Amino acid sequence: MTGLYDRLGRHIHYLRVAVTDRCNFRCQYCMPPEGVEWLEHTDILRYEELVRLIKAFAGLGVDKVRITGGEPLVRKGLLPFLRQVTRIPGIKEVGLTTNGSLLEEYALSLKQAGVGRINVSLDTLQRERFIRMTGQDRLDRVLAGIKKAHQAALTPVKINMVVMKGVNSDEIADMAAFALQNDYQVRFIEYMPFSTGQDYLFTAAEMKQQLVAAGFTKLVPQLGVSCPAKIYHVPESRGSIGFITPVSQHFCSSCNRIRLTPDGYLKPCLLSNEEYSLRERLRSGASDQQLLAQIKQVVWNKPQQQYFLKGQKGDRGMSRIGG
Ligand code: SAM
Ligand code: SF4
């Protein structure tokens with residue numbers, strides 16, 4: 001059997017790389033209200049270290065990479081780095097997840113660098129609410145960035161909306177209409193209680209009820225696609241609607257991903273506190289063979305299921321993991 005597998009037979013071929021913990025937003029579900037202490041610059045992996053690691057993963061069978069953060073577009077030198085990543089033999093798809101605030105300026109260059117797909121986080125279409133949720137008055141910038149990404153053929157543009165009960169849960173139909181009118185794919189994500197408790201959970205079942213009540217009754221499930229989002233098409237639109245249910249219906253048994261944190265820890269599961277430093281190995285002169293052996297061992301022991309199921313909480317905020 002070629003490729004990377006864990007002890008439960010899951011095929012791991014998708015690497016999410018957080019290139020920074022820095023961000024120009026302060027989303028209330030991602031960063032604690034008191035703010036976060038940034039990682040030391042010297043602790044963050046340099047681009048050449050990232051490229052070496054991604055090559056190692058590609059050599060083991062990883063074919064899909066997503067660049068995330070913090071906000072990846074705030075890290076200097078990202079485009080030349082992306083040009084290197086998209087040329088690594090074996091890497092078939094490179095995507096990027098962004099808050100969209102700098103996307104208008106970067107969309108075309110991202111396309112030219114070989115990035116195939118863009119996910120943009122957008123939790124509300126209301127300006128005042130946007131300011132409350134992100135700490136920034138940049139809704140217009142994000143909307144302009146999304147439009148530009150669509151024009152640059154970074155399609156389908158995917159919009160990630162984290163739904164928080166009583167905060168933006170009344171906007172599901174508006175966001176669906178916005179996506180469908182513009183041929184975007186909106187993915188409604190269940191809020192994950194990293195630090196603020198369970199109070200904001202609004203389940204996908206509740207979201208669907210809202211959509212049906214608003215007249216979205218013709219949701220046709222997309223079959224045969226392996227991703228955590230359950231996608232539905234709507235007749236007469238090229239846009240689509242998806243639901244990501246890490247809390248109400250976890251997808252651990254089909255998980256195909258691993259994560260690299262900005263400070264070089266390999267996290268075999270987003271929602272587990274297990275992490276292993278590859279940076280230490282890299283910086284203490286490990287050979288490629290030694291790196292490969294460590295990666296294989298971490299993947300082999302990937303946790304069976306996430307900690308919400310065990311009633312535990314996370315040690316790292318999302319901005320330091322990469323979402
Ligand atoms: N800054 C970029 C962005 O916002 O898209 C990339 C990093 S962000 C940590 C990646 C994804 O994690 C975003 O789509 C964000 O909405 C999601 N996220 C962060 N905290 C979350 C939470 N508590 N529950 C669900 N999704 C969360
Ligand atoms: Fe920044 Fe993204 Fe976290 Fe919002 S979700 S604070 S944009 S890293």
Using the crude model of +1 on Lys and Arg Cβ and -1 on Asp and Glu Cβ, and no other charge, please compute the dipole size for the chain relative to its Cα centre, in debye to 20. 860
Once all Cα-Cα distances of the chain are split into 20 Å bins that start at 0, what whole-number percent is in each one? 32, 61, 7, 0
For GLN209, project a label point 7 Å along Cα to C-beta. Then give me every residue of the range 150-190 with its amide nitrogen under 16 Å of that point. 164-167, 169-173
In the range 14-320, taking the dipole from +1 charges on Lys and Arg beta carbons and -1 charges on Asp and Glu beta carbons about the Cα centre, the listed residue (CYS227, ALA173, SER272) farthest towards the positive end is CYS227
Accessible surface of the range 187-300 [probe 1.4 Å, protein heavy atoms]: carbon and sulfur percent: 52
Distance in nm between pseudo-label sites at VAL220 and ASP183 (7 Å out along the Cβ direction from Cα): 1.7
Give the carbon-plus-sulfur fraction of the accessible surface of the range 61-125 in %, rounded to a whole number; probe 1.4 Å, heavy atoms of protein chains only. 47
Do any GluC sites (Glu not before Pro) in the range 160-247 lie in a DSSP loop with no more than 14 other beta carbon atoms within 10 Å, and if so, which? GLU236
Using a 1.4 angstrom probe with every protein chain in place, what is the largest-first accessible-area order of VAL36, VAL85, VAL234? VAL36, VAL234, VAL85
Cα centroid of the range 86-137 to Cα centroid of the range 282-302, whole Å: 30
Show me the ranking of peptides 109-117, 297-305 by mean Cβ neighbours inside 10 Å, starting with the highest. 109-117, 297-305
Grab the beta carbon distance between LEU8 and GLN126, set R0 = 51 Å, and tell me the FRET efficiency rounded to 0.05. 0.75
Can you give me the angle between helix 103-112 and the longest principal axis of the chain, using Cα atoms only, in degrees from 0 to 90, rounded to the nearest 10? 50
Excluding residues fewer than 8 places away in the same chain, name every one of the lysines whose C-alpha is closer than 30 Å to that of LYS267. LYS55, LYS64, LYS76, LYS92, LYS111, LYS158, LYS165, LYS230, LYS296, LYS302, LYS310, LYS313
For the chain, what is the relative contact order in percent, using Cα pairs closer than 8 Å and at least 6 residues apart in sequence? 21
Can you compute the helix-only [θ] at 222 nm over the chain? Use -39500 (n - 2.57) per DSSP H run of at least 4 residues, normalise by all residues, nearest 500 deg cm²/dmol. -8500 deg cm²/dmol
Among DSSP beta bridges whose residues both lie in the chain, state the antiparallel percentage, nearest 5. 25
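The values are calculated or read from the model by the stated rules, or taken from the named source; none is laboratory data. Keep in mind the model is a prediction, meaning the values are calculated, not measured. So basically every Cβ, Gly included, is an ideal-geometry build from the backbone, and we count neighbours across all protein chains shown. Ligands, DNA and RNA are stripped out before the accessible areas are found, and what is left, the full protein with its side chains, is counted by its heavy atoms. Shrake-Rupley method; radii C 1.70, N 1.55, O 1.52, S 1.80 Å.
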